[in-house]
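Heads up, the thing below is written out as structure tokens.
The values are calculated or read from the model by the stated rules, or taken from the named source; none is laboratory data. Quick caveat, the model's predicted, so the values are computed rather than measured. Methodologically, a virtual Cβ is constructed for each residue, glycine included, from the backbone with ideal geometry; neighbour enumeration extends over all protein chains shown. Note: accessible area is taken over every heavy atom of the protein model, side chains too, but ligands, DNA and RNA are not part of it. Shrake-Rupley method; radii C 1.70, N 1.55, O 1.52, S 1.80 Å.
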Amino acid sequence: MEKGPFSVEWLAQSSRGGAREMPGSPLQTPPSVPADSPREREAAERRSPGHGAVSVGAAPGRPRTKFSAAQLQELERSFREQRYIGAGEKRRLAAVLNLSQSQIKTWFQNRRMKFKRQTQDAR
């Protein structure tokens, strides 16, 4: 059987790190990085499914935001008043709570999903 790109043998070999490039592909492993370097092992670990707390779409190196009790209290109060936050209220909350507008937006999205799950479970 042929060992060309996308053959079973080639795919198995590439998943083990044996094949570093597709034939005819200009991309190659840089010679300055040995195949068993800590940097390459770390990159392979990040690619493996279920390893660590790395999630798809997460900003690299961005730690999870830990909201204070006061911030949560204000966010929950605002959520009880209105489930969808407007631009003005988002700006106000961001300034008052010392958070970014994207953090406020994300918190509201997550809180709406939590609310949806709670109401579905109650039925």
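Points worth noting:
- Criterion (at pLDDT below 85, outside any helix (DSSP H, G or I) and in contact with a Gly (Cβ under 9 Å, 6 or more places away or on another chain)) met by exactly one of PRO23, PRO30: PRO23
- Close pairs (6 angstrom Cβ cut-off, 6 or more residues apart or separate chains): closer than 11 Å to ARG83 by Cβ and at pLDDT 95 or above in region 105-116, assigned to a helix (DSSP H, G or I) and open to solvent by less than 50 Å² (accessible area, probe 1.4 Å) anywhere: ARG111/PHE79
- From the list GLY50, GLY88, GLY61, the lone residue that is at pLDDT 95 or above and among the small types (Gly, Ala, Ser) is GLY88.
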